[in-house]
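None of the figures in this text is laboratory data; all of them are computed from the coordinates on show. Predicted model, so just to flag it, every value in this text is computed and none were measured. Note that each Cβ is placed from the backbone with ideal geometry, even for glycine, and that neighbours are counted across all protein chains shown.
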Amino acid sequence: MSQPRDDRQDDLFGPRLEEIINLRHPLVRLGRRSIGSSWPTLRFGLSRRAGQPPLPTRLIAGLLILKHMHNLSDEALCDRWVENPYFQYFCGEAVFQHAHRLTARR
């Protein structure tokens, strides 16, 4: 069973998602079952060129699954991801994020 990514050092005092969500929620159970440790951690299109490191594979896979499950546009998906702790947990976050990763990285 896969555990969400643990970036507590980035947000040391942020609430841990496991403390504020229902661990029996369908997205939590689906995330543990389908995006578990059996998923390869392949890095697609990686090169040694300068630039920002790629986003985690689990985040990208989770966002694509959520987008198609809920028939969301890219903008709507980003808005809902910031508001929904279950979306964040499904995508591998361990600590609640107040902004999506693209904004947080700038």
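Amide H contacts of Val95 (H built 1.01 Å from N, in plane; Pro and chain starts excluded): Asp7, Leu17 sit under 5 Å, all sequence-distant by 5 or more or on other chains. Listed peptides 78-84, 18-24 appear in the order 78-84, 18-24 once ranked by packing, highest mean of other Cβ atoms within 10 Å at the front.
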